[in-house]
Every structure is written in C-alpha cells, then in structure tokens.
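Take a look at the structure below.
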Amino acid sequence: MSIVATRMLEIRKQSEAMYQHNFAAKEYGAMEFYLQQNSKPNSVASMALQQEYNTSMGKTIKVPVLERNTSATVGTSRSCTITNNETSSALVSLTDQTITDGFIMYPERYANNDITYQQHWNANFQDMLLRLWQKMDEKCVADLGTYKSAIINDHLNYTFASSTVSAGWNDRENIIGDMKVFQRSNNYRGHLNLIGNFGLISLANRINRYGVYNEKNLNYEFEDMSGYITGNISNGDNQFTTLYCVPDGQVAIISKLNREAAARAKAALHEWDWVTMPGFGNLKWGTHYYEAVGDFHVATGEDDMICSRAQYFGWELNFGFVHAYNPDTTTIPQPVIKAQLASGSNGRIEVDVMSMPS
C-alpha cells in the first residue's frame, strides 16, 4: 500500500526581497548631471526653448546665437571714421534622437500562477526603466566625449594629447584641484561638475581621509564642485580613473512629444498620452496603449490561450542635447575637459636604497 498519490506538492511562498537585487538601479551619474542642468538658473536650455521644443514635432527648431568678431582690431590712432567691428549672428539646429521600449501583458495569464498581474507589470516596468536609464546614461557619456575640449590654454605640467589630460599616480592629490586651473585658463569659472567612474569615489575618499586625520587638509580640492558617478565611463589600460569636468550652464537635455501623445489622442483600441518617468526629471515621454485579441498560446506557454486578449504598453522619448555655442572648436576651448589618472602602487612607497660611501 502507498500514499504517494496524495503526497504534498512543492510549497511556494512569496519573498520578493530574494530577487530585489536583480532589479536594483546602477550608477547613472552622467544622465543625472544632464538632467539637473535643465533646471539651473543659467541653463543653456531656456524655459522658452524647452517649452517650444516640447511641441515641435514636424517642425525645425533653430536657436539664434551671436558670435564675437574675432577679426576685429583695436585702433591706435585718432580718426574721423569709425570702424565697424560689429558682431555676427548665426542659427544653431538641434539634432533629434529617440529611444523607445515597452512590454506586453496577458491579463488572463495569471489565473494559474503564483505571480500576480500587478507583480509582473511592476517587474516589467522596473526592468524597462533599468534599460532606459542605462541607454540614456550611455548617450550622455558619449555626448561628453564628443564635446570634450581640444584645447587647454594652460595644462600645467600634465600631458595633454587626444583632447585628454593625463595625470600620473603621483598627481593624485592635485589633479582634482587643477581641473579648476584648466577651466580658468580656458576662461570658464563658477561651479564645476565632475562626472567620473568608480575610481573617482576612491580618489575622493583618499583625499578626504587626510582632512579627517589632520595629516593633510586637501578638502579644498572639492570646494565648489559636485561629483556624479557612472558605470559607463571606462578606463584605458593602466588607468585608475577617468572623468569629465564641466561648469554649470554648458549642457542640457530637452524632450519633445510626438503629435498623438501631445494631443492625448484616442482611436478605436489605441490611446496616446504623455507622462514623466522616474529618474528622468522633467522630460516628457509619449505613451501608446492598445489591446488586441489573438492566439497567444505560444507567447504565454499556456496551451489554452488560443483566443485571448493582450495589452500593449509602449513608451517613447524624443530628445535633443543642447550645448553652449562654440563657432570654432579648433581655436576656442570647449567647456568639457576630459582627464585620466594613471594607476600606481596602491599605498606602497618606492624607495631606492643607495650604498653609503666608504
């Protein structure tokens, strides 16, 4: 005889903390920096520009700018004729970019599942956010790399090549403070922002440690500076950290809505709208929702769902980067400076032992 036929099935109990790390956000400091620049009092993207760009789908947006007269000369003698050393104007076009994502839900799928509809929707949404944050941060890092300065008027005793300041390990206590010098030599002042990888955290900890124990006080290195950490800036070979230094008011990121989202249109089973998304500040995302009926037994793995309904959720961001205008990047410094610090002996002092004269 046996009671195997009535043996208990596997026990299942919810414990969401078991997989919460799978959906944890990483470091997206480059994106955070760009978004925060939108709301600065001296933002390179004025509120008027942000508002007009938001509803500009199908239109060309150009920003009027003024240029200095670099060919003008100062007179050294009296004359009855006034020289016309006037400035010039120009129009700057913005380049549009788009990122999209979404997922499909099958409402009746959860009748025989331990996971609820809302649990799965939340997980799908969070998983999508992680992809979108990653993609936008990568684009912001790439934008910094594109607009880094090819000129530093005074790079002190550092090597400057390929638009990058290279510092040796022995410069680790000075390189952060000297970023201010580089910017001032290029005629940029004010609050500075450092966007770097995880080596920047370590470097900051090393410098701040001196102030705590009074061995050295190097906290001045970080006066009037803000730091942003991203995992999307990679180091070159034998480098400890790589970073960008940017003053306030030099970059921004603005968004526009597609026509249907702006109108919050509806058509049969389709609906368009717009929302702001977690982690994306005041950028406006277009949404698209619709339902469909069909054979979804393959998509769901449920053999009986051969005539079921599906819900389609989509998000779309149309955006553009805005930069401080530079009419000639080959002769005029850009506000973005890239730097890297070489690796060295970690906490070890190299000592050369010499024999004493007899």
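Report, ordered by the first and then the second residue, all pairs with beta carbons closer than 7 Å, sequence separation of six or more or different chains, a first member in segment 34-55 that is in contact (Cβ under 8 Å) with a residue 24 or more places away in the chain and over 11 Å from ALA252 (Cα atoms), and a second member that is of a type in the set (A, V, I, L, M, F, W, C) and assigned to a helix (DSSP H, G or I).
Cβ pairs passing all conditions: THR55/ALA262.
Pick from segment 254-302 the residues that are among the charged types (D, E, K, R) and in a strand (DSSP E or B): which of them is surrounded by the most Cβ atoms within 10 Å (Cβ to Cβ)?
LYS256
How many residues does segment 103-120 contain that are in contact (Cβ under 8 Å) with a residue 24 or more places away in the chain and surrounded by 15 or more Cβ atoms within 10 Å (Cβ to Cβ)?
5
Could you tell me which numbered condition ILE99 fails, if it satisfies all but one of (1) in contact with a helix residue (DSSP H, G or I) (Cβ under 8 Å, 6 or more places away or on another chain); (2) in a loop (DSSP other than H, G, I, E, B)?
(2)
Kindly provide the set of residues from segment 1-43 that are modelled with pLDDT under 95 and of a type in the set (A, V, I, L, M), ordered by number.
MET1, ILE3, VAL4, ALA5, MET8, LEU9, ILE11, ALA17, MET18, ALA24, ALA25
Against the conditions (1) aliphatic (A, V, I, L, M); (2) surrounded by 13 or more Cβ atoms within 10 Å (Cβ to Cβ); (3) touching a helix residue (DSSP H, G or I) at 6+ places or on another chain (Cβ under 9 Å), where does VAL65 fall short? Just the number, please.
Of (1) aliphatic (A, V, I, L, M); (2) surrounded by 13 or more Cβ atoms within 10 Å (Cβ to Cβ); (3) touching a helix residue (DSSP H, G or I) at 6+ places or on another chain (Cβ under 9 Å), only one is false for VAL65: (3).
Just give me the residues in segment 47-60 being in contact with a strand residue (DSSP E or B) (Cβ under 7 Å, 6 or more places away or on another chain), in a helix (DSSP H, G or I) and surrounded by fewer than 20 Cβ atoms within 10 Å (Cβ to Cβ), in sequence order.
Hits for segment 47-60 are LEU49, ASN54.
Return the only residue of VAL44, VAL92, VAL63 being in contact with a strand residue (DSSP E or B) (Cβ under 6 Å, 6 or more places away or on another chain), hydrophobic (A, V, I, L, M, F, W, C) and part of a loop (DSSP other than H, G, I, E, B).
VAL44
Inside segment 170-247, counting only strands (runs of 3 or more DSSP E) that do not spill past its ends, which hold 3 or more residues that are modelled with pLDDT of 95 or more and surrounded by 15 or more Cβ atoms within 10 Å (Cβ to Cβ)? Talk me through it step by step, then tell me what you get.
Working: elements: 192-196, 225-229, 239-247.
In segment 170-247, the matching strands (runs of 3 or more DSSP E) lie at 192-196, 239-247.
Select from segment 157-170 the residues that are closer than 15 Å to PRO333 by Cβ and of a type in the set (A, V, I, L, M) and list them in ascending order.
VAL165
Would you check which residues across segment 102-128 are modelled with pLDDT of 95 or more, not in a helix (DSSP H, G or I) and not hydrophobic (A, V, I, L, M, F, W, C) and list them?
GLY102, TYR106
The values are calculated or read from the model by the stated rules, or taken from the named source; none is laboratory data. All of these numbers come straight from a predicted model, not from anything done at the bench. Note: ideal-geometry Cβ built from the backbone for every residue, glycine included; neighbour counts use all protein chains shown.
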